[in-house]
1. Among 63, 285, 83, whose mean-square fluctuation peaks in a Gaussian network model of the chain (Cα, cutoff 10 Å)?
2. Rounded to whole Å, give me the distance from the Cα center of the stretch 43-82 to that of the stretch 184-216.
3. For the chain, what does the helix formula give at 222 nm: sum of -39500 (n - 2.57) over DSSP H segments with n ≥ 4, over the residue count, nearest 500 deg cm²/dmol?
4. Within a 10 angstrom radius of the beta carbon, how do 72, 236, 94, 192 rank from fewest other beta carbons to most?
5. If the viscosity is 1.567 mPa s and the temperature 4 °C, what Stokes-Einstein diffusion coefficient in µm²/s follows for the stretch 76-227 when Rh is the Kirkwood radius over Cα pairs?
6. Please work out how much length the chain gains when fully extended from residue 33 to residue 9, using 0.36 nm per residue of separation minus the C-alpha to C-alpha distance, in nm with one decimal.
7. Taking neighbour counts of Cβ atoms within 10 Å as a proxy for exposure, in what order, fewest first, do 131, 218 appear?
8. Using the reciprocal of the averaged 1/r over all distinct C-alpha pairs, how large is the Kirkwood radius of the stretch 241-323 in Å?
Ligand code: ES4
Ligand code: ZN
């Protein structure tokens, strides 16, 4: 079977996906026009041409600018439905969506507007495509822990609709330990915990995410390869890594896909998954991440099957929910 067909037919979960990072320039411009929001670019083409990133921060600056087009509940709904349609076409049977409420509440958008639009799309996607989903609230790590607590306070009335919390945005200089008290509180509330670590930041941030935040999955985590003891720990504990190969190349974590360490991590026995991160910005949804990585690193069909299976095992669902796919 051809690789593309094989990959799309594999039931998989997407576990590292920023819903704001699925905003394609076409929808961005439609929403901006509908909402009377000014964008820093003149056209869809100019926007795509600006996606020439040098590091994480150069991407985040554009990503936050683009998110300004999202204003109404319906905008968040349209955004997430467009993602679910693409995910379904890629063989995604379960998706855990990160969202960044602080990006929106800072612009005067109500927390409930964001959450209601996303949640309605999750329900519709289940009805239309049979896709299961979860919502994971991400705290922006360039902001203070106090601001994180304020975001949590806004989320409190909605905790029944939120399955977990994560930590994203600028990694360097913002170690997981900065959010120790906030994540302890989230755990007390029964929320699942994940954190971006070891994307641009050092392996010590991965250990901190595990030890201090008690992260159940590590988002990215590719810099673990620099620390043999940490590699052993990750292999032994089977804490999943949500790796995003196309993202890593576009943000210059690795110079080329052929130089990505995903195969090294996999062969060392780590629980590796493949995800798209911010697919509208990084040039591909999840199936393209699987296919391009397989071609660049010589992954076998058995490797791809293992990775897809890992994603289902790493999802925040009970065993009965994942059973039909395993
Ligand atoms: C992100 Cl690639 C990446 N890293 C950290 N924070 C993010 N937010 C959206 N995409
Ligand atoms: Zn991410």
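Derivation of every value follows stated rules applied to the coordinates shown; laboratory data play no part. Computed from a predicted model, the values in this text were never measured in an experiment. Counting neighbours? That spans all protein chains shown, and the Cβs are built from the backbone with ideal geometry, glycine included.
1. 63
2. Cα centroid to Cα centroid, the span is 26 Å.
3. Estimated from H runs of four or more residues: -14000 deg cm²/dmol.
4. The most exposed by this proxy come first: 236, 72, 192, 94.
5. Stokes-Einstein gives a translational diffusion coefficient of 81 µm²/s.
6. 4.9 nm
7. Fewest-to-most ranking of 131, 218: 131, 218.
8. This gives a value of 13.0 Å.
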